Each structure stands twice: as structure tokens, then as C-alpha cells.
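This report concerns only the one structure given below.
What follows is calculated from the coordinates using simple rules that are stated; it is not laboratory data. Everything numeric in this text was worked out from a predicted model, so none of it was measured. Heads up, the Cβs are rebuilt from the backbone with ideal geometry, glycines too, and the neighbour counts pull from every protein chain shown.
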Amino acid sequence: METWTAAQCAEAWGVRPGTWAGYVSRGQAPAPLPDTEPKRWSAAEVRDFPRPGVGRSRAGAGAEAQELLAEMTTVAERIEELRAEQRRLLVEGKERGLEISPMAKALGISRQTAYSWLS
């Protein structure tokens with residue numbers, strides 16, 4: 001029977017070892033095998049156990065899923081570029097004497113966000 005250490009279990013689930021330990025302590029992961037020191041788990045049991053939470057491992061995701069994640073990263077980077085442009089326009093608007101409310105509305109942000117970006 002193949003057995004795994006806690007670190008190997010955590011890696012298989014795509015979590016940190018501390019997260020794995022938390023799952024085990026709450027009964028959200030298989031219990032370690034009896035009489036093993038250091039503790040070891042049945043690899044098959046870990047693979048088959050339904051992992052809790054929404055952050056399930058992507059270990060089984062195929063190339064299409066990886067491409068989708070790469071596309072998501074690209075979009076996130078573009079969003080950051082647009083936010084930087086919003087900030088630049090906000091500063092320019094302030095320098096030209098525009099009021100916060102109409103600038104925030106035009107930029108699609110809250111007044112609180114505009115104030116925080118200007119401070």
C-alpha cells in the first residue's frame with residue numbers, strides 16, 4: 001500500500017501543510033494510518049476523499065483549464081493597467097479643478113475610492 005506524509009498529502013490537495021493539518025483535525029480529511037510515526041496516510045484514501053471548500057485542487061485540470069487560468073491572469077493585468085489610468089485621470093482632473101463626485105461617476109468608482117486614490 002502506498003502511503004504519504006502530511007506534506008505529500010497537502011501537495012496532492014494543492015494546499016499548504018498547515019491547511020492539511022487543519023483539515024485532518026476537523027475531520028475534513030482522512031485520518032492518519034494507525035501506528036505510523038511520523039504520521040502517514042493511505043495515498044488512495046487521500047486521493048478518493050472529497051476535499052472540502054471551494055479552493056479544490058487544480059491538479060487534475062487539463063491544458064484547457066490552464067489556458068483559461070492564463071487568460072484570467074491576462075485580464076487581471078489589464079484591469080490593473082486600467083486602474084492606473086483611472087488614477088492618472090483622477091489626479092489630472094483634480095489639478096484642473098474638477099469636483100470629486102462627477103469624476104468618480106465618470107470613472108465608475110465610488111467617491112470614497114476617489115478620495116483614497118488622491119490621498
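Descriptive notes on the structure:
- If you go through region 1-27 and keep only what is over 20 Å from the mean Cα position of the chain (by Cα) and either under 14 Å from Pro50 (Cα atoms) or among the charged types (D, E, K, R) (or both), you end up with Glu2, Val24, Arg26, Gly27.
- Residue list for region 29-43, filter: part of a loop (DSSP other than H, G, I, E, B) and surrounded by 14 or more Cβ atoms within 10 Å (Cβ to Cβ): Ala29, Pro30, Pro32, Leu33, Lys39, Arg40
- Identity of the residue in region 100-119, surrounded by 11 or more Cβ atoms within 10 Å (Cβ to Cβ) and not aliphatic (A, V, I, L, M), that ends up farthest from the chain's Cα centre (by Cα): Lys105
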